[in-house]
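Reviewing the structure listed below.
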């Protein structure tokens, strides 16, 4: 017959890093609220061997304002999650997604009289 090749054809067994459903729902919820508030207009998702990155843009032609990075290799060190700013500085690292997203969620809070 033929030769069956496993998909993806990766001899080392290192797969692609991605977001699970709960993580992506949390990130997209924040993104949707920021779009509604008028802060962001576009996003991009990059999934590679080392990291999965969700980037948020004010406009599609600019650099991302924030990047949420998931790097499983840093699980035992600084934490799997990182919030990276526009200039590439790491704003917050952590082992859980919620506290890492807190600086961005703070921008949505408004004082009410």
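The values are calculated or read from the model by the stated rules, or taken from the named source; none is laboratory data. Note that the coordinates shown come from a computational prediction; the quantities given were computed from them, not determined experimentally. Cβ sites come from the backbone with ideal geometry, for glycine too, and all protein chains shown count toward neighbours.
Within the range 21-48, the set of residues being farther than 17 Å from residue 104 by Cβ and either modelled with pLDDT of 90 or more or outside any loop (DSSP other than H, G, I, E, B) (or both) comprises 21, 22, 46, 47. Exactly one residue out of 97, 74, 111 is over 21 Å from residue 36 (Cα atoms) and at pLDDT below 90, and it is 74.
Cβ separations smaller than 6 Å between residues 6+ apart or across chains give the following pairs from the range 70-90 residues that are at positive phi and touching a residue at least 12 places away in the same chain (Cβ under 8 Å) to residues that are outside any loop (DSSP other than H, G, I, E, B) and crowded, with 17+ Cβ neighbours inside 10 Å: 79/93. Any idea which residue in the range 77-94 is modelled with the highest pLDDT, counting only those that are surrounded by 13 or more Cβ atoms within 10 Å (Cβ to Cβ) and farther than 22 Å from residue 108 by Cβ? My answer is 80.
Looking only at the range 16-36, residues that are touching a residue at least 60 places away in the same chain (Cβ under 8 Å) and under 14 Å from the mean Cα position of the chain (by Cα) come to 4 in all.
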